[in-house]
Amino acid sequence: MQSKLVGFLRGRYAQGIFWNALGTLFAQGSTFLTAVLLARLLGKEVFGELGMIQSTLLTLASIAQVSTGLTATKYVAEFRDTDKARAGRVLGLCSILTLVTGVVATVLLLISAPWLAEHMLAAPHLAVSLAISAAFVLFSVMNGYQIGALAGLESFKSISVYGALLGAAHLALCGLGAMLWGLHGALGGMAMSALLRWGVYGLVLHREINKQCITIQRKEGLKERDVLRRFALPAALSGLTTMPAVWLGNAFLVQQPNGYAEMGVYSAAINLRTIVLFFPVLLNGVAVALINSHKGQENKSSFKAAFFLNLRLTTAAALAGAILMWSFGEGALKVFGSNFAGSNAAGIILFMSISVVFEAIGIAIYQLIQSHEKMWLSFFAIALPRDVLIVVSAYFLTQHYGGVGLAVAFALGCLLALMTKIGLSYKLNLYGRV
């Protein structure tokens, strides 16, 4: 019986992984190719400016999204078979919330762009660039819950097929914009790509929920406001500290002598790190839907089997990826330009490789914490200590070691988070109950 269960899980898991892998391959592949193209078109220093602006945009989008993507994935996966009306109400709540927070974040960025550019980025000329790219925040926030909902529906094939097309469009829009108008053109291309992604995935979500007889209930969505208190709000607070911590670390780096050139190398290395995290992230993108689905059905044996299968595969993928990055990463930086590989590149690659292992295993273990809705505990015990450590470490280490210091600070934060997740999961026996 146990062998049949594991076989069934592996089949369902493999199907999700195949489509998720295909979609992620095109999405991350297009992102990586876009980064390489823009680095060659813009040069190391301007590419560093682009990296800092992207960090700013992603920070705002992450905060404004208030974890509606993860919320949609969890509750749609948990209730799509047992309570379709509730799944529809959660989707309605997420859609309204992201519209409001997306508009607010976009307006705040437009208003604060001159101050941010002068006082935080030490580059007043980037104020116009921030304003041009503000639309990226709005459409990224509103699209976040749509992707989460599709994952909760296990509609990985739809995510994959349309993701490939949208990835190609992203590369074309950003590349053409950079060739015609430099940095401003690249940022305009990013904003147009975000708009296109939001529109296409909106249509795809509408089609997929109709197939499963689920209706987005915006008027009834407020009945699920307890979901905000119990899950979305504490998860959002984690984002409220996580992305700003990363952004502050980047800001500390660009304020150092030759800071934007260092940021250019660091941004290139981040793109390599994203490629290495490809398999761990896609494995967990599938696992979050499966694990929460089994929890909703109160199937303890399937819940445990899915969790440990994902943990083993994630650990193996992370170790293999980290070894490859450490071995070939410095040479791979030359793809961005011959001047991207320098004396500090080896150190950045080494500590980023180490952080990949810590982060990937932590993501797999975190499945237990989010599935049991321990989000307030997650914020205070995991996210907050980790992010404080990253900021404090980055402040001191970037002054002496530049980009290498920032990579060390991030690795330390990932290690602390991993140790805390392991301790909490063991102490609360989260893997032994549903």
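The values are calculated or read from the model by the stated rules, or taken from the named source; none is laboratory data. None of the values given here were measured: they were computed from a predicted structure. Note: ideal-geometry Cβ built from the backbone for every residue, glycine included; neighbour counts use all protein chains shown.
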Could you please give the count of residues in the stretch 233-258 that are in a helix (DSSP H, G or I) and either at pLDDT 90 or above or of a type in the set (Lys, Arg) (or both)?
-> 10
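Condition (residue is under 21 Å from residue 236 (Cα atoms) and within 21 Å of the chain's Cα centre (by Cα)) applied to the stretch 118-133: is it met by at least one residue? It would help to see each step written out before you state the result.
We begin by selecting, within the stretch 118-133, every residue under 21 Å from residue 236 (Cα atoms); these are none.
Checked against the condition, which is being under 21 Å from residue 236 (Cα atoms) and within 21 Å of the chain's Cα centre (by Cα), the stretch 118-133 yields no hits at all.
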Picked from the stretch 209-240 (must be surrounded by fewer than 20 Cβ atoms within 10 Å (Cβ to Cβ) and acidic (Asp, Glu)), the residue farthest from the chain's Cα centre (by Cα) is 220
Residue match in the stretch 138-161 (condition: under 19 Å from residue 97 (Cα atoms) and among the basic types (Lys, Arg)) | no
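Determine, yes or no, whether residue 390 is over 17 Å from the mean Cα position of the chain (by Cα), surrounded by 21 or more Cβ atoms within 10 Å (Cβ to Cβ) and over 24 Å from residue 226 (Cα atoms). Quick ask: steps written out before the conclusion?
On the way: over 17 Å from the mean Cα position of the chain (by Cα): yes; surrounded by 21 or more Cβ atoms within 10 Å (Cβ to Cβ): yes; over 24 Å from residue 226 (Cα atoms): yes.
Judged against the criteria, residue 390 is a match.
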Name the residues in the stretch 377-419 that are over 15 Å from residue 351 (Cβ atoms), among the hydroxyl-bearing types (Ser, Thr, Tyr) and out of contact with any Pro (no Cβ under 7 Å at 6 or more places or on another chain), would you?
-> 395
Could you tell me whether any residue of the stretch 265-278 is in contact (Cβ under 8 Å) with a residue 40 or more places away in the chain, part of a loop (DSSP other than H, G, I, E, B), surrounded by fewer than 24 Cβ atoms within 10 Å (Cβ to Cβ) and aliphatic (A, V, I, L, M)?
-> yes
Those residues that are free of Cβ contacts under 8 Å to residues at least 60 places away in the same chain and either in contact with a helix residue (DSSP H, G or I) (Cβ under 8 Å, 6 or more places away or on another chain) or under 22 Å from residue 74 (Cα atoms) (or both), I need them from the stretch 416-425; list them, please.
-> 416, 417, 420, 421, 422, 424
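Quick one: which residue in 342, 321, 347, 329 is surrounded by 15 or more Cβ atoms within 10 Å (Cβ to Cβ), in a loop (DSSP other than H, G, I, E, B) and either in contact with a Pro (Cβ under 9 Å, 6 or more places away or on another chain) or of a type outside the set (S, T, N, Q) (or both)? Working first, answer last.
Details: 321 fails: in a loop (DSSP other than H, G, I, E, B); 347 fails: in a loop (DSSP other than H, G, I, E, B); 329 fails: in a loop (DSSP other than H, G, I, E, B).
Going through 342, 321, 347, 329 in turn, the sole match is 342.
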Out of all the residues in the stretch 172-189, which are closer than 11 Å to residue 34 by Cα and surrounded by fewer than 23 Cβ atoms within 10 Å (Cβ to Cβ)?
-> 172, 173, 175, 176
Filtering the stretch 132-149 down to residues that are crowded, with 24+ Cβ neighbours inside 10 Å, among the aliphatic types (A, V, I, L, M) and more than 16 Å from residue 190 (Cβ to Cβ) yields 149
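If the requirement is being part of a helix (DSSP H, G or I) and under 20 Å from residue 234 (Cα atoms), which of these qualifies: 76, 103, 66, 107? Steps first, please.
Details: 103 fails: under 20 Å from residue 234 (Cα atoms); 66 fails: part of a helix (DSSP H, G or I); 107 fails: under 20 Å from residue 234 (Cα atoms).
Going through 76, 103, 66, 107 in turn, the sole match is 76.
If you go through the stretch 364-415 one residue at a time, how many are closer than 27 Å to residue 51 by Cβ and not basic (Lys, Arg)? Spell out the reasoning first.
Quick first cut of the stretch 364-415, residues closer than 27 Å to residue 51 by Cβ only: 366, 382-415.
Among the residues that remain, those that are also not basic (Lys, Arg) are: 366, 382-385, 387-415.
Final tally of qualifying residues: 34.
Return yes or no: is residue 160 among the hydroxyl-bearing types (Ser, Thr, Tyr), touching a Ser or Thr at 6+ places or on another chain (Cβ under 9 Å) and either surrounded by 19 or more Cβ atoms within 10 Å (Cβ to Cβ) or over 16 Å from residue 37 (Cα atoms) (or both)?
Yes.
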Looking at the stretch 166-201, which of its residues are in contact (Cβ under 8 Å) with a residue 40 or more places away in the chain and either in contact with a strand residue (DSSP E or B) (Cβ under 6 Å, 6 or more places away or on another chain) or farther than 23 Å from residue 49 by Cα (or both)?
-> 166, 168, 197, 198, 201
